[in-house]
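First comes the structure, then the notes that go with it.
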Amino acid sequence: MAGLLARLARPAAGSTRTDIAFPTPEIGTARRAQLERDMYSMDVGSEAVYIGGLAIHALLISLGVEADVMLGQALASRQR
């Protein structure tokens, strides 16, 4: 049980969303190729698009840009 809790608290290096989006330079070519495939999967790619949208929204708000309307695509409708 302690081993499971340790893995949950500290995931293996290279297995988090941050590792996929920002891989370290010292990873091998095969691992880099796998991370690139992971980035384009629905499971990771849609999350990246959502977080990017939030970041752009925060930037625009900080610059004083106010929207009159909001359009978007629901993430749930993109799932298999």
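The values are calculated or read from the model by the stated rules, or taken from the named source; none is laboratory data. Bear in mind that the values here come from a model prediction, so they are computed numbers and not experimental data. Every residue, glycine as well, gets a Cβ built from its backbone with ideal geometry; the counts of neighbours run over all protein chains shown.
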**Message:** Residues that are modelled with pLDDT of 75 or more, touching a Lys or Arg at 6+ places or on another chain (Cβ under 7 Å) and in a loop (DSSP other than H, G, I, E, B): does segment 41-56 have at least one?
**Reply:** no
**Item:** Every pair of residues 6+ apart whose Cβ atoms lie under 6 Å, when the first sits in segment 37-61 and is touching a residue at least 24 places away in the same chain (Cβ under 8 Å) and of a type outside the set (D, E, K, R) while the second is in a helix (DSSP H, G or I) and surrounded by 11 or more Cβ atoms within 10 Å (Cβ to Cβ)
**Value:** Val44/Ile20; Val44/Asp38; Ser46/Arg78
**Prompt:** Where residues in segment 57-80 are at pLDDT 85 or above and in a helix (DSSP H, G or I), which of them is surrounded by the fewest Cβ atoms within 10 Å (Cβ to Cβ)?
**Reply:** Ser62
